[in-house]
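The block underneath contains the structure these notes are about, expressed in structure tokens.
Bear in mind that the values in this text are calculations on the coordinates, not laboratory data. Quick caveat: nothing in here was measured; it's all calculated off a predicted structure. For neighbour counting, all protein chains shown are included, and Cβ atoms are generated from backbone atoms with ideal geometry for every residue, glycine included.
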Amino acid sequence: MPRASHDGLSLDPLRMAAHGEAKEGNVDARSLEAVADALAPGNEPVDVKWRIEGGRSAEGRPMLAVHVEGAVPLTCQRCLASFEWPLARTTRVLLARDEAELAVLDNESDDEVIDGSARIGAQSLVGDEILLTLPFAPVHPDACP
Ligand SMILES: [Zn+2]
């Protein structure tokens, strides 16, 4: 299966937050290494739309809002058939200015925190958000067919 050879678009989180910049795109969820393992097997591309928007939290802290939208195939743990799991989620990710601040924020906040001073690949951020939306033990939402 072909994998993306790089991490796609590289982002400068603190700059995006300071300027209120947004980036968006599409990614094949099967090309995201961590996510691919969680999906039902198959070869068809799994298109997920993403948007990452810089801004400030209510507390005035730099943050990114990460939005993912689409549907991914999962294997039902009850009947082992695959079914489509809808994705529609926006998560806020707080940005620390350095590693020391990262440690403090990580303790204080329930939100996800990353070191905003380091560049990060859009795809790895999007991959993390997709993983967070996936159920630990996926089953058909109603009865199995
Ligand atoms: Zn099922």
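Which value in deg cm²/dmol, rounded to the nearest 500, describes the helix-derived mean residue ellipticity at 222 nm for the chain, given -39,500 (n - 2.57) per DSSP H run of n ≥ 4 and division by the residue count? Let's see the in-between values first.
Details: 4 runs with 33 residues, N = 145.
Taking each H run of at least 4 residues, the total per residue is -6000 deg cm²/dmol.
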Checklist entry - What cysteines in the chain have no other cysteine with a beta carbon less than 4.7 Å from their beta carbon? => result CYS76
Checklist entry - By how many nm would the segment from PHE136 to HIS19 grow when fully extended, if each residue of separation counts as 0.36 nm and the alpha-carbon distance is taken off? => result 38.5 nm
Item to check | C-alpha long axis of helix 99-108 to longest principal axis of the chain, angle in ° | outcome: 60
Next on the checklist: Given Cβ point charges of +1 (Lys, Arg) and -1 (Asp, Glu) and nothing else, what value in debye, to the nearest 20, does the dipole of the range 83-123 about its Cα centre take?
Outcome noted: 260
Checklist entry - For helix 122-133, what angle does its Cα long axis make with the longest principal axis of the chain, in degrees from 0 to 90 and rounded to 10? => result 60
Next on the checklist: Can you find, among ALA34, GLY116, CYS79, the residue sitting farthest towards the positive end of the charge dipole of the chain, where Lys and Arg contribute +1 and Asp and Glu -1 at Cβ?
Outcome noted: CYS79
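What is the calculated FRET efficiency for ASP106 to CYS79, with r their C-beta to C-beta distance and R₀ = 30 Å, to the nearest 0.05? Write out the running numbers ahead of the final one.
Numbers: r = 39 Å, r/R0 = 1.32.
With R0 = 30 Å, the Cβ-Cβ based efficiency is 0.15.
Sorted by average packing, counted as other Cβ atoms within 10 angstrom per residue and highest first, what order do 73-86, 44-57, 121-134 take?
On the way: 73-86: 14.4, 44-57: 17.5, 121-134: 19.0.
Top of the packing list down: 121-134, 44-57, 73-86.
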Checklist outcome for this item: For 104-117, 26-39, ranked highest to lowest by mean beta-carbon neighbours within 10 Å, the order is 26-39, 104-117
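Give, as a single signed number, the net charge of other residues whose beta carbon lies under 14 Å from the beta carbon of GLU99, with Lys and Arg counted +1 and Asp and Glu -1. Spell out each step's value before the answer.
Working: positive: ARG97; negative: ASP98, GLU101, ASP106, ASP115.
For residues surrounding GLU99, the net value is -3.
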